[in-house]
1. Using the alpha-carbon atoms, what tilt in degrees (0 to 90, nearest 10) does helix 85-94 show relative to the longest principal axis of the chain?
2. Considering the chain, what Rg and Dmax in Å follow from its alpha-carbon atoms?
3. When the Kirkwood radius is taken over all Cα pairs of the stretch 145-217, what Stokes-Einstein diffusion coefficient follows at 25 °C and 0.890 mPa s, in µm²/s?
4. How far is helix 208-223 tilted, in degrees, relative to the longest principal axis of the Cα atoms in the chain, given as a value from 0 to 90 rounded to the nearest 10?
5. In what sequence, largest accessible area first, do Tyr96, Tyr186 appear using a 1.4 Å probe?
6. Tell me the per residue accessible area of the stretch 17-169 using a 1.4 Å probe; a whole number in Å² is fine.
7. Taking the Cα centre of each part, how many Å lie between the stretch 105-182 and the stretch 203-219?
8. What order do you get for 154-160, 55-61 when each peptide is scored by the mean count of other beta carbon atoms within 10 Å, highest first?
Amino acid sequence: MLRKLIVNTALAATLALSSGVAFAAGGERYVENYAFAHEGPFGRFDQTQLQRGLQVYTQVCAACHGLRYVPLRTLSDEGGPGLSEDEVRAYIEQNYIEVYDAELQDWRAATPNDHFPGSAMSNAPDLSLMTKARAGFTGPYGLALNPLFKGMGGSEYVASLLTHYTGSEKEEFGAILYGNETYGGYFAMSPPLWDGAVEYGDGTEATVEQMALDVASFLTWTAEPKLMARKQMGFTAILMLGLLAVMLYLTNKRIWAPVKSRAKGYPAE
Ligand code: HEC
């Protein structure tokens, strides 16, 4: 019985795997399957990468985009970029972050309890939840096998979007649109990164790909700040359920043991 179950499961897994590989190609949007530190059941955010991503976001993306669902104080939360409370205050001061205070009916300097400002440009979407709003991997044929093996790919989508401009532009209704393989056509964001667009404090070379990966990782954190706690909890739950399963199996065996031995003694007529 148990052997049959194992064989069946193995068979199903091989089938699923091979079809996943076979259908992986295709689709008009190209998304590179980058390896991120936070992926997989034991994935954890790379804290220095989150800090670099925050820098890229602040110095490049924030010119147009916002993060209005993210409280500034969470920059010092566990599992995040891990700034100290003083560093959060310094970050606010150095970047002149201001918020509109409805009570004062005026702008004032932000405090750690305020959120990041919203988008500065009306057609630039808020990025707080962007890595959850985009799927890098779908299908094939609605079977969701690609997401099963590669993940939903929101982080990959963002990193890929920043690195896969085709270089072609066109004008539509007076606006310039930029070709992008990941977007799957033309859209209104000009290529925001170039080599050396920021200067990293930790000596990492700021290539376009490096900055794209760093900011994508940071935006994954803004969209899912409790990712690490969730994975840890999941692991503990699986462990406990596994233990429970073993105990239930043994209990079951024991409860039915007298009945089984009786059945052996008196074969069914
Ligand atoms: C000059 C302004 C500007 C800058 C700088 C900028 N963006 Fe954008 N971004 C836009 C605009 C405008 C759009 C909407 C484009 C559209 O939908 O046609 C956009 C769209 C996006 C989208 C959504 C694409 C989609 O699938 O709909 C993402 C993700 C994004 N930007 C990420 C970033 C990141 C990360 C950075 C920093 C590295 C950045 N942007 C810098 C203006 C900007």
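The values are calculated or read from the model by the stated rules, or taken from the named source; none is laboratory data. Predicted model only: the values in this text are computed from it and were never measured. Reconstructed Cβ throughout: ideal geometry from the backbone, glycine too, with neighbour counts over all protein chains shown. Side chains included, ligands, DNA and RNA excluded: accessible areas come from the protein's heavy atoms. Shrake-Rupley method; radii C 1.70, N 1.55, O 1.52, S 1.80 Å.
1. Between the helix axis and the principal axis of the chain, the angle is about 40 degrees.
2. Gyration radius and largest Cα-Cα distance of the chain: 25.3, 91 Å.
3. Rounded to a whole number, D works out at 180 µm²/s.
4. Orientation of helix 208-223: about 70 degrees from the principal axis.
5. Tyr96, Tyr186
6. With all protein chains present, the stretch 17-169 gives 57 Å² per residue.
7. Cα centroid of the stretch 105-182 versus Cα centroid of the stretch 203-219: 15 Å apart.
8. Ranking, from highest mean packing down: 154-160, 55-61.
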